[in-house]
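The values are calculated or read from the model by the stated rules, or taken from the named source; none is laboratory data. Remember, it's a predicted structure, so these values are computed and weren't measured experimentally. Methodologically, a virtual Cβ is constructed for each residue, glycine included, from the backbone with ideal geometry; neighbour enumeration extends over all protein chains shown.
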Amino acid sequence: MRRYPESIGDTARRLVDELPTVKEVIHYRAVMTRLGEQLALEVFPRLASLDGIVLICTNEDADFLARGLLDGLKAQGCEPSLVCFWNDRVSLGVGDDRAPIVRRYVEQATAARTFLVVKSIISSSCVVRTNISELVYDLNPQDIFVLAPVVLKGAQDRLESEFEPGIAGRFKYVWFAEDDQSKENGEVIPGVGGSVYELLGIGDSKSKNSFVPELVRERRRLLHR
Amino acid sequence: MPKALSIEVTEAGLDPFQERGGQNNKAGNRFEDIFLTHRVLKHTPNYLHAEIEMSFTEQAGCFVDDVVLEAAGLREFYQLKADKGITWGENNGRLKDRFLRQQQDCVANGQDFRLYVVVANGHRAQSLTTNLPKEFAASTEVILFPRLDRIAQVARLDAPHQIQFGQIAASRLSGNAEWEDIAEAFHSARQSCAPDANGYLSVSQVVTKVRSQRMARVYTPWDEQLAGWPEVRGILESIDGFEFWVDRGYFEWRYPPADGGMNVSCLEPGFERFVQRVLELRPTTFDDLEMLLP
């Protein structure tokens, strides 16, 4: 069963329902980018300040969902710093996965006030947990927004249980659909329609880490000018 | 590996207080479980950098027996008490008697030893320290150790419980998440390693398991003996702004100010493939190198 937030707009609902049905890579990327723009529209009014914002994404989401979010925020005059992580996946046992960071692109952010952690889907919350945990104790943001088009029911509780109450209490969420079913392999139904790496055309869960987002290349060029 | 502890005690059942401490107490078990993994992690830099082994067991069957450690000939006995009300004198001096008898046992066996009572409550630690019985005060210490919900929290402990994760991790650049991964991996490996006939595990067993099953990325000495590597090292050193390290057994790199990574052990085929590709394509800029990076 899929559940939507009461405040969801028509466009966001249409896009999040369309996503699992899209099979062409170009079309899928476009829908994901537009969902990023919709997340920007939702989160922008909730930002306490336009300063000290750090957008945290994974390499598979950077050019699409995160790009849409970034462009949507820029249109409102907001210029976040970018952090992009490449996560591997390691299993320590049943239901005990870790997502070590194997590569990173981290723009310096002094006085980070707000984290915007964006991911195409949050189910086990393993990747999001790792990426927040890597930065939160050093940067100590006041607000941590977790943004995803689709979440699996219970993901918020699982994520918050991994942090001390003082950190977990800063979490806020923006999502467009909450699903309550998943397959044995963890794939959420209907979720985002399957393996997001393959649907985005950047390989499987291993080979996707060879993918360097154009967003990272563009922003790096600016740093090295 | 240390010999079995106090055989006469375990076999003859001479300890009237034996209760296989805390097995019926979930919170107590978690306290012990996390404390033991913390001790293993705390010792691990000594093993990795100085080859000092440590063996350990739980519920050893002696008088002070929740955790027993042995390293460099010193045997340490720990009794863990997560409850707030424990005193030396409660239950007709049960705790006091355990420590006294453990001390007598160690002295009789000529062991080099230390005794510890570990509590999670500051007032309790103060009270136990203030009232430490003089009979074993010289060999006993009270430790205040925090009650943690998850093993990952040991990554952020301050002194005196701070763990030198920087000496355990293969990465010199990574932060809290990597340290949490290492803590989780050691915890999981410790719980799943098979003990010897005396019920003991060793830090080397845990490290070996973590490394062999790639549960986390742990410091591993590498002698840089790989065909083509000296030439590749020269090629990489000539790339403007690019920095790299292999001295912790992994290929870690940085291209300041924003880029960095560590994805392959120098002992894995993926590193050999990287060396070969660099030899073939001879990158001269980071842009050329980027697509070759493992």
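Applying the set (1) closer than 26 Å to A:Asn209 by Cβ; (2) surrounded by fewer than 20 Cβ atoms within 10 Å (Cβ to Cβ) to A:Arg3 leaves exactly one unmet item: (1). As a summary of the residue check, A:Asp51 satisfies the conditions (1) within 18 Å of the chain's Cα centre (by Cα); (2) part of a loop (DSSP other than H, G, I, E, B); (3) of a type outside the set (Gly, Ala, Ser) except for the one numbered (1). Counting only helices (runs of 4 or more DSSP H) that fall entirely inside segment B:103-198 and contain at least 2 residues that are more than 14 Å from chain A (Cβ to nearest Cβ), the qualifying elements are B:122-130, B:165-168. Tally up the residues in segment B:202-228 that are over 12 Å from the mean Cα position of the chain (by Cα) and of a type in the set (A, V, I, L, M, F, W, C), please. Of the residues in segment B:202-228, 5 are over 12 Å from the mean Cα position of the chain (by Cα) and of a type in the set (A, V, I, L, M, F, W, C).
Considered as a group, the residues in segment A:88-106 that are under 17 Å from the mean Cα position of the chain (by Cα) and in contact (Cβ under 8 Å) with a residue 60 or more places away in the chain include one that is farthest from B:Met262 (Cα to Cα), and that residue is A:Arg89. When A:Ser205 is tested against the conditions (1) touching a helix residue (DSSP H, G or I) at 6+ places or on another chain (Cβ under 8 Å); (2) in a helix (DSSP H, G or I); (3) surrounded by fewer than 18 Cβ atoms within 10 Å (Cβ to Cβ), the lone failure is (2). Listed by position, the helices (runs of 4 or more DSSP H) inside segment B:220-294 whose residues that are farther than 15 Å from A:Val102 by Cα and hydroxyl-bearing (Ser, Thr, Tyr) number at least 2 form an empty set.
Which ones in segment B:73-96 are at pLDDT 90 or above, of a type outside the set (Phe, Trp, Tyr) and farther than 13 Å from B:Ser127 by Cβ? Result: B:Gly73, B:Leu74, B:Arg75, B:Glu76, B:Gln79, B:Leu80, B:Asn92, B:Gly93, B:Arg94, B:Lys96.
A:Tyr137 - would you say it is of a type in the set (Phe, Trp, Tyr), out of contact with any Cys (no Cβ under 7 Å at 6 or more places or on another chain) and at the interface with chain B (Cβ under 8 Å from one of its Cβ atoms)? Judged against the criteria, A:Tyr137 is a match. Residue pairs whose Cβ atoms lie under 8 Å apart, separated by 6 or more positions or on different chains, with the first residue in segment B:235-251 and more than 18 Å from B:Gly270 (Cα to Cα) and the second of a type in the set (Ser, Thr, Tyr) and part of a loop (DSSP other than H, G, I, E, B), are B:Ser238/B:Thr284; B:Ile239/B:Thr284; B:Ile239/B:Thr285; B:Asp240/B:Thr285. For A:Leu147, the test of being touching a residue at least 40 places away in the same chain (Cβ under 8 Å), more than 14 Å from chain B (Cβ to nearest Cβ) and touching a strand residue (DSSP E or B) at 6+ places or on another chain (Cβ under 8 Å) is passed. For segment A:81-97, the criterion of being farther than 22 Å from B:Leu293 by Cβ and among the basic types (Lys, Arg) is met by none of the residues.
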